[in-house]
Structures are given as C-alpha cells and as structure tokens.
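Enquirer: Would you mind keeping the following structure in view while I ask a few things?
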Amino acid sequence: MKRSRLGRIWPNATAIVLFIGFVFPVYWMFNTAMKPTGDILSEDPVWFPSSLTFEHFETAINAPNFWTLVRNSLTVTCLAVGLSLLVALGASFAIARMRFKGRRGVILVFMIAQMAPWEVMVIAIYMLVRDADMLNSLIPLTLFYTVMVLPLTILTLRNYIAAVPKELEESAMVDGCSRVQAFRKVIFPLLAPGLMATSLFGFITAWNEFPMVLILNKEDQAQTLPVWLYSFQSNFGNDWGATMAAASLFALPILILFLFLQRRAVGGLTSGAVKG
C-alpha cells in the first residue's frame with residue numbers, strides 16, 4: 001500500500017512542480033503589467049500588486065502604429081496559415097495515397113526542411129526580395145511564413161490521410177464520386193483534429209516571428225507586432241510595465257486560440273506524430 005501511494009505521489013508532485021514552472025512566468029508577466037511603477041522598481045519582489053492599474057496597457061495601446069501593426073500581424077498570419085493548409089492538403093494527399101518514384105525522398109526533404117534553421121537563409125532571402133523590389137511589403141513575409149510552416153503541416157496531414165482506410169474512399173468512388181469529391185466528402189471531414197493542430201502551430205510560428213520582419217520591413221507601417229514589443233526598450237532604459245503589458249496583449253490571441261482548440265489541437269499533434 002505504501003509503495004502504491006508513493007508511486008502516485010511522485011508523478012503528481014512532479015506534475016505540480018512542472019505546472020508551477022510553466023505557469024509562473026505567465027503570472028509574473030500579467031502581474032507586472034498590472035503593478036504600479038513603484039512596485040515594479042522596488043528592490044524586493046512584489047508578489048501581489050498593492051493596487052491594480054491599467055496605465056501600462058494604455059501606454060502600450062497608444063504606442064505609434066499599434067492598430068496598423070495588429071492589422072499587419074493578423075493579415076500575414078492568417079494568410080500564411082490558410083495558404084499552408086491549402087497547399088498541404090494536396091501535397092499530403094499525394095504523398096499518402098499515390099505511389100510514385102522518389103516518394104520517400106520527398107518525405108525526407110520535408111523532414112530536413114523542418115529541421116533546418118531558417119536563419120541561414122536570411123541573406124539570400126533579403127537579396128531576393130530586394131532584387132524583386134518588394135522590401136517593406138507584406139507579400140514576402142506571407143510567402144516566407146507559409147513556407148516556414150508548410151513542412152510540418154504536410155507531414156502531419158499526411159499521417160492523418162494515411163490512417164483513413166482506403167476502402168472508404170474507394171466506396172465513395174464506386175458510388176459515383178470523383179477522386180476530388182471522395183476526398184472532400186470522406187477524407188476531409190476526418191482531418192479536423194489535424195487541421196486544428198497544424199493551424200495552431202502555424203499561427204503561433206507566424207505570429208511570433210521577429211528576425212525576418214525586422215530585416216525585410218524597415219518602414220514602421222509595414223512591420224508587425226513583435227517589432228512593437230521591442231520598441232519599449234531603448235538605450236536609456238526599459239519601460240518594464242509597458243513591455244509586460246504589451247507582451248500580455250501579444251500573447252492573448254494565442255491563449256484564446258489555444259483554449260478554444262485545446263482538446264483537438266493537442267490530440268491532433270499527438271496522433272499525427274504516431275500514425276501512418
């Protein structure tokens with residue numbers, strides 16, 4: 001009995017410690033954003049603010065070009081996720097269902113592309129965009145983010161499509177459906193968990209990306225929210241209250257999206273990693 005109890009205590013205790021470790025930075029971010037400036041600059045850490053203030057949020061929202069950057073981030077992120085899903089659906093179906101020469105090599109290329117650091121391509125991408133006269137434009141960012149999230153999207157959806165029995169698709173085709181109709185009516189509805197998981201991954205990746213937009217888009221009107229976060233730091237000091245308030249606002253869409261897709265997204269990532 002004692003051993004069985006100890007066997008249950010240790011996993012629970014470990015889970016609690018990990019939970020605190022992951023949640024505490026988020027708590028401290030929101031806590032600092034709501035503190036008065038005096039509590040933030042105090043030598044002793046203030047675990048609970050003496051009073052709540054929204055002054056730092058007002059400073060963050062009233063920063064120059066805030067709403068323009070919100071619009072740019074949403075536009076680039078949503079377009080990148082949508083384009084990656086559109087391309088990945090066709091590519092993953094071809095890899096999962098069709099047998100062609102070099103199929104395994106294509107899968108290997110996608111895996112290598114997923115592991116390769118994109119930073120090594122920064123100079124080449126910059127020169128290509130510059131020569132095309134498309135600096136300070138959202139189009140290159142959208143295309144770059146699409147390509148960045150595409151490999152994992154294809155690999156995940158490919159595993160989901162491979163897990164769908166071929167007999168279902170063949171039965172639909174026997175009943176008169178074309179291959180496209182069979183995919184739309186039979187396979188596509190079964191891909192919901194995978195689509196949500198890959199959409200969440202793509203949204204987080206594109207939403208958080210910082211170096212490429214800083215390099216390609218120097219004009220304030222063409223930048224995105226990660227650059228706005230950096231604007232609260234200067235050579236004269238850091239406005240920690242406004243920085244934490246901006247970080248809270250920046251993380252809010254991701255938190256809302258994750259909570260909305262939590263069950264299907266987590267299950268989709270796990271299942272997509274082991275099926276096929």
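The values are calculated or read from the model by the stated rules, or taken from the named source; none is laboratory data. What you see is a predicted model; the values in this text were computed from it and never measured. Glycine gets a Cβ as well: all are built from the backbone with ideal geometry, and neighbour counts include every protein chain shown. Accessible surface areas use protein heavy atoms only, side chains included; no ligands, DNA or RNA. Shrake-Rupley method; radii C 1.70, N 1.55, O 1.52, S 1.80 Å.
Enquirer: Treating only the Cβ of Lys, Arg, Asp and Glu as charged (+1, +1, -1, -1), what charge dipole size does the chain show about its Cα centre? Round to the nearest 20 debye. Provide the component values of the computation, followed by the final result.
Expert: Details: 21 positive and 16 negative charges, 384 e Å.
That gives the chain a dipole magnitude of about 1840 debye.
Enquirer: Note the angle between two axes, namely the Cα long axis of helix 66-97 and the longest principal axis of the Cα atoms of the chain, as a number of degrees from 0 to 90, rounded to the nearest 10.
Expert: Compared with the principal axis, the helix lies near 20 degrees.
Enquirer: What full-extension length gain, to one decimal in nm, is calculated for L190 and I254 as 0.36 nm per residue of separation minus the Cα-Cα distance?
Expert: Values: separation 64, 0.36 × 64 = 23.04 nm, distance 2.47 nm.
Working it through step by step, the gained length comes to 20.6 nm.
Enquirer: Sticking with this one: Which FRET efficiency value, to the nearest 0.05, is calculated for A94 and L128 with the Förster distance at 25 angstrom and r the Cβ-Cβ distance? Mind dumping the intermediate values first?
Expert: Values: r = 27 Å, r/R0 = 1.09.
The formula returns an efficiency of 0.35 here.
Enquirer: Can you compute the FRET efficiency between Q181 and V87 using 1/(1 + (r/R0)^6), with r the Cβ-Cβ distance and R0 = 30 Å? Round to the nearest 0.05. Walk me through the intermediate numbers first.
Expert: Numbers: r = 20 Å, r/R0 = 0.68.
E(calc), rounded to 0.05, equals 0.90.
Enquirer: For region 5-55, which whole percent of the accessible surface, found with a 1.4 angstrom probe, sits on carbon and sulfur atoms? Please report the intermediate quantities before stating the final value.
Expert: Values: 2930 of 4000 Å².
Roughly 73 percent, rounded to a whole number.
Enquirer: What is the angle, in °, between the Cα long axis of helix 122-131 and the longest principal axis of the Cα atoms in the chain? Nearest 10 is fine, range 0 to 90.
Expert: 80
Enquirer: Separate question: Taking only protein heavy atoms into account and a 1.4 Å probe, give the accessible area per residue of the chain in Å². Show your work: numbers first, answer last.
Expert: On the way: 16610 Å² over 276 residues.
On a per-residue basis, the chain sits at 60 Å².
Enquirer: Largest first, how would T14, T156 line up by accessible area (1.4 Å probe)? Don't jump to the answer; show the numbers that get you there.
Expert: Details: T14 75, T156 10 Å².
Correct descending sequence by accessible area is T14, T156.
Enquirer: What net charge do the residues around F110 carry, taking every other residue with its C-beta under 14 Å from that of F110, with Lys and Arg at +1 and Asp and Glu at -1? Intermediate results must be reported in sequence, preceding the final value.
Expert: Values: positive: R103, R104, R158; negative: none.
Taking every other residue near F110 into account, the sum is +3.
Enquirer: So which GluC sites (Glu not before Pro) in region 158-253 are both in a DSSP loop and have at most 13 other Cβ atoms within 10 Å of their Cβ?
Expert: Values: sites: E167, E169, E170, E209, E219; in loops: E209, E219.
In loop regions of region 158-253 (DSSP not H, G, I, E or B), the sparsely surrounded GluC sites (Glu not before Pro) are E219.
Enquirer: To continue, here is another question. Select one label from (i) 46, 37, 18; (ii) 40, 29, 16; (iii) 29, 23, 17: the one whose number is semi-axes √(5λ) of the Cα gyration tensor in Å as derived from the coordinates shown.
Expert: Matching the structure shown: (ii).
Enquirer: Taking the highest mean first, how do the peptides 20-29, 252-261 order by number of other beta carbon atoms within 10 angstrom per residue?
Expert: Numbers: 20-29: 11.1, 252-261: 13.4.
Output ranking for 20-29, 252-261: 252-261, 20-29.
Enquirer: Out of the chymotrypsin sites (Phe, Trp or Tyr not before Pro) in region 98-179, which ones are loop residues according to DSSP with at most 13 other C-beta atoms within 10 Å? Write out the running numbers ahead of the final one.
Expert: Working: sites: F100, F110, W118, Y126, F144, Y145, Y160; in loops: F100.
Qualifying residues, ordered by number: F100.
Enquirer: Further question: Can you tell me the 0 to 90 degree angle between the C-alpha axis of helix 138-163 and the longest principal axis of the chain, rounded to 10?
Expert: 50
Enquirer: Here is a follow-up. Find out how many positive minus negative residues lie around P49, taking Lys and Arg as positive, Asp and Glu as negative, among other residues whose Cβ is under 14 Å from that of P49. If you can, show how the numbers build up before the last one.
Expert: On the way: positive: K35; negative: D39, D44, E55.
Taking every Cβ under 14 Å from that of P49, the sum is -2.
Enquirer: Further question: Taking all protein chains as present, what is the carbon and sulfur share of the accessible area of region 65-231, in % to the nearest whole number, probe 1.4 Å? Present the calculation step by step, with values, prior to reporting the outcome.
Expert: Details: 5940 of 8630 Å².
Summing carbon and sulfur atoms, their accessible area is 69 percent of the total for region 65-231.
Enquirer: Additional query: All other residues with a Cβ under 14 Å from the Cβ of V122 taken together, and with Lys, Arg as +1 and Asp, Glu as -1, what is their net charge?
Expert: Computed value for this residue: -1.
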